[in-house]
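The values are calculated or read from the model by the stated rules, or taken from the named source; none is laboratory data. Not measured: the values here are computed from a predicted model. So basically every Cβ, Gly included, is an ideal-geometry build from the backbone, and we count neighbours across all protein chains shown. Note: areas computed on protein heavy atoms with side chains; ligands, DNA, RNA excluded. Shrake-Rupley method; radii C 1.70, N 1.55, O 1.52, S 1.80 Å.
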Amino acid sequence: MTEPTTARQKMLNRLQKLEPGSLVHYRDFADLGIAPGTVAVTLSRLRQAGVVQHVMKGTYRLPLQSRFGPVPVSEQQVMQVLLQTAAKQLRGYPTGVTAFNRLGLTTQVAQEIEIATPRPGRPRKVGNVRVRFVQSRGEVKLADVGLRQVLDALRRIRRLPDTSPATALLRLREQVKQLAAGDKTRLVRLAQVYNPATRALLGAILEVLGENKLSAKLLASLNPLTTYKLELSDLALPNRTKWRIQ
């Protein structure tokens, strides 16, 4: 008579089907008929046995080795853990140096991952990666992530590492130029919840690109008496005086 398969063996059988380095969540065993508490206890014991590695509460990882030794949790996996719910809804999006590096604005490598989210929590460590949370401007939708990252860069244009405001502006202007018409309209809509300096800078960029209707919407949202010190010259932004940018 065949002995019944134990919860541990069922879970090991499932884990053996995964690639090394794969992330493992409690929910990955939901269809095995094992009580959630038993899943948690078993994964904890498998961690002690070296079968899985603990990443954060409810999330483990199968060990991954290279010829140089153990491979740590990747930045991409950290994003996967932190940015999506079990229902694939977006909790937030990467911003800061990580995002600005991918936008081609800086060559600096981030020492920590910065995530913008409507409900920021305390800094934490996921695997070997440090993560810091900042307040996002409004709810986050997947289709808006790239646009929000552009707005975040405009907002921090004076503080981007390893570049100047003028150099960063050239790169950002080109990125805005390449956007589809609908994305430019959405960019202006998203900008309405950003600070006035960001709206002024985006408006000036759009005006230079000939997007006068969109730039007019941003101009109407600004106090005509306020000036914005962004360290940009006439050479970098020919219409800066109109937008009261210094």
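A single member of Thr198, Thr185 is under 17 Å from Ala153 (Cβ atoms) and within 23 Å of the chain's Cα centre (by Cα), and it is Thr198.
Take the residues in region 183-214 that are open to solvent by 50 Å² or more (accessible area, probe 1.4 Å) and part of a helix (DSSP H, G or I); name whichever of them is nearest to Pro238 (Cα to Cα). So the residue we want is Val208. The sole residue among Pro36, Pro63 that is open to solvent by 90 Å² or more (accessible area, probe 1.4 Å) and at pLDDT 85 or above is Pro36.
Of all the numbered requirements in (1) closer than 30 Å to Val24 by Cβ; (2) open to solvent by less than 30 Å² (accessible area, probe 1.4 Å); (3) β-branched (Val, Ile, Thr), Val109 misses one, and that requirement is (2). Taking each residue of region 208-221 that is within 19 Å of Val193 (Cα to Cα) and looking for partners that are in a helix (DSSP H, G or I) and open to solvent by 50 Å² or more (accessible area, probe 1.4 Å) with beta-carbon atoms closer than 8 Å, six or more apart or interchain, yields Leu214/Thr185; Ser221/Pro196. Each residue in region 130-153 was checked for being at pLDDT below 85, within 29 Å of Val71 (Cβ to Cβ) and out of contact with any Pro (no Cβ under 8 Å at 6 or more places or on another chain), and 1 pass. Within region 10-30, one or more residues are surrounded by 13 or more Cβ atoms within 10 Å (Cβ to Cβ) and closer than 25 Å to Glu139 by Cβ.
Scanning region 220-238 for residues that are more than 24 Å from the chain's Cα centre (by Cα) and under 24 Å from Val140 (Cα atoms) turns up at least one hit. In region 185-200, the residues that are over 14 Å from Glu139 (Cβ atoms) and aromatic (Phe, Trp, Tyr) reach residues that are assigned to a loop (DSSP other than H, G, I, E, B) and open to solvent by 60 Å² or more (accessible area, probe 1.4 Å) with C-beta atoms within less than 7 angstrom, at least six apart or across chains, in these pairs: Tyr194/Arg137.
Filtered by the rule that a residue be among the aromatic types (Phe, Trp, Tyr) and within 21 Å of Val131 (Cβ to Cβ), region 30-78 gives a lone residue, Tyr60. Would you check if there is a residue in region 64-72 being more than 30 Å from the chain's Cα centre (by Cα), over 28 Å from Gly92 (Cα atoms) and either touching a residue at least 24 places away in the same chain (Cβ under 8 Å) or not in a strand (DSSP E or B) (or both)? Taking every residue of region 64-72 in turn, at least one turns out to be more than 30 Å from the chain's Cα centre (by Cα), over 28 Å from Gly92 (Cα atoms) and either touching a residue at least 24 places away in the same chain (Cβ under 8 Å) or not in a strand (DSSP E or B) (or both).
Within region 14-40, residues that are free of Cβ contacts under 8 Å to residues at least 60 places away in the same chain reach partners that are small (Gly, Ala, Ser) with beta carbons closer than 6 Å, at six or more positions or on different chains, in the pairs Tyr26/Gly58; Arg27/Ala86; Ile34/Ala7; Thr38/Ala7.
Determine whether region 75-93 contains at least one residue that is in contact (Cβ under 8 Å) with a residue 60 or more places away in the chain and open to solvent by 60 Å² or more (accessible area, probe 1.4 Å). The answer is yes; a qualifying residue exists.
Within region 215-233, can one find any residue that is open to solvent by less than 40 Å² (accessible area, probe 1.4 Å), at pLDDT 95 or above, in a loop (DSSP other than H, G, I, E, B) and out of contact with any Lys or Arg (no Cβ under 8 Å at 6 or more places or on another chain)? No, every residue in region 215-233 fails to be open to solvent by less than 40 Å² (accessible area, probe 1.4 Å), at pLDDT 95 or above, in a loop (DSSP other than H, G, I, E, B) and out of contact with any Lys or Arg (no Cβ under 8 Å at 6 or more places or on another chain).
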